[in-house]
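The structure under discussion appears below in the form of structure tokens.
Values in this text are rule-based calculations from the coordinates and carry no lab data. It should be emphasised that the depicted structure is a prediction, and the values quoted were computed from it without experimental measurement. Using ideal geometry, Cβ is built from the backbone for each residue, glycine included, and neighbour counts are taken over all protein chains shown.
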Amino acid sequence: MAEVLAFKAAPEGPVIVERKGSVLRLILANPPANALSLATIRAMQDALDAARADKAARVVVIAASGKLFSGGHDLKEMTGHRGDPDGGEAFFRETFDACGAMMQSIVSHPKPVIAEVDGIATAAGCQLVATCDLAICSDQSRFGVNGIDVGLFCTTPGVALVRGLKPKHAMEMLLTGEMVDAATAKEFGLVNRVVPREYLSQVVSKYAETIASKSPSTLKLGKEAFYRQAEMGLADAYAYASRVMVENMLACDAKEGIDAFIGKRKPEWTDG
């Protein structure tokens with residue numbers, strides 16, 4: 001039985017937080033489209049920040065209730081601010097800045113973050129999927145960055161897409177606005193696995209539990225290093241990665257893990 005944790009948002013949304021064992025689930029619950037309204041973005045940011053300090057949680061899963069994963073930004077909310085004295089500029093800036101900060105907090109999060117997608121993920125919703133460390137979707141899922149259809153180029157989703165997909169695949173999605181099915185999303189590198197809908201939560205839980213069984217300190221160290229070296233030139237990346245490997249080898253959990261491997265026993269992580 002999953003434990004529903006106390007949270008600032010109302011129990012029904014916009015983000016529900018549950019923990020089962022060492023896996024923390026953040027569930028978008030902003031029907032009908034699970035739109036990333038400013039309130040939803042802030043709620044997700046609060047949940048991600050709280051997860052940093054939650055020692056019991058080792059892996060974070062971002063999922064959604066309802067038929068859509070997320071339809072992206074709340075365009076009705078944004079349109080409602082066009083009547084502001086500045087034409088909505090301040091609200092637009094606040095929303096996009098908050099969303100960008102939330103996405104970056106996923107990348108910089110010390111714990112692996114997995115997207116569990118069942119249904120449609122468009123625009124900033126697709127950006128959220130692309131930003132997570134891993135993504136597993138049902139065979140009924142579809143993805144798109146369709147801002148171009150309403151006169152908006154999905155520039156901020158493009159930041160995540162170009163870092164996870166081949167540039168031409170990312171540009172294809174951005175320029176056409178066309179939806180891609182789950183199989184194409186896997187081919188493009190947007191998701192890791194496509195599974196039948198009825199097995200989605202089971203497969204995600206298996207992945208999450210497998211990762212959660214590893215050394216928390218090693219996961220944190222490795223995730224940070226992965227993203228940092230990816231932004232470096234080849235020589236700098238190797239120099240940095242070598243320093244991290246030395247740091248990792250000197251850590252208590254590495255000594256314990258290697259000793260356990262040699263001794264043919266299960267390691268006991270100390271998170272050090």
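Data for the structure
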item: Spin-label pair Phe153/Tyr240, simplified geometry with 7 Å Cα→Cβ offset, distance in nm; result: 2.8 nm
item: Additional length obtainable on full extension of the chain from Lys55 to Met232, 0.36 nm per residue less Cα span; result: 60.6 nm
item: Segment Glu172-Glu94, extension gain: residue separation times 0.36 nm, minus the distance between their alpha carbons; result: 25.2 nm
item: Value at 222 nm in deg cm²/dmol, rounded to 500, when DSSP H runs of n ≥ 4 in the chain each add -39,500 (n - 2.57); result: -15000 deg cm²/dmol
item: Cα-based convex hull, region 3-212, per residue volume (Å³, whole number); result: 111 Å³
item: Pairs beyond 28 Å (Cα-Cα), from Lys186/Lys220; Lys20/Lys168; Lys67/Lys206; Lys76/Lys166; Lys168/Lys206; result: Lys20/Lys168; Lys76/Lys166; Lys168/Lys206
item: Region 223-241 versus region 182-211: alpha-carbon centroid distance in Å; result: 27 Å
item: Within a Gaussian network of the chain (alpha carbon springs, distance under 10 Å), most fluctuating of Leu152, Leu36, Leu26; result: Leu152
item: Reach of Lys223 by Cα under 16 Å, taken over lysines that are not fewer than 8 positions away in the same chain; result: Lys111, Lys214
item: Neighbour-count order for Ile41, Ile106, fewest beta carbons within 10 angstrom listed first; result: Ile106, Ile41
item: In range of the label at Asp271: residues from region 217-241 whose backbone nitrogen is under 11 Å from the point 7 Å along Cα→Cβ; result: 217
item: Rg/Rh for region 32-154, where both radii come from Cα atoms and Rh is the Kirkwood radius; result: 0.98
item: Percent breakdown of C-alpha pair distances by 10 Å bin, ordered from the shortest bin, for region 216-262; result: 26, 48, 23, 4
item: Order of Leu134, Leu68 under a 10 Å beta carbon neighbour criterion, fewest first; result: Leu134, Leu68
item: HN-Hα J in Hz across region 39-53 - Karplus 6.51, -1.76, 1.60, θ = phi - 60°, x for Gly and Pro; result: 5, 5, 4, 5, 5, 5, 4, 4, 5, 5, 5, 5, 5, 4, 8
item: Relative contact order of region 100-154, defined on C-alpha pairs under 8 angstrom at six or more residues apart (%); result: 36 percent
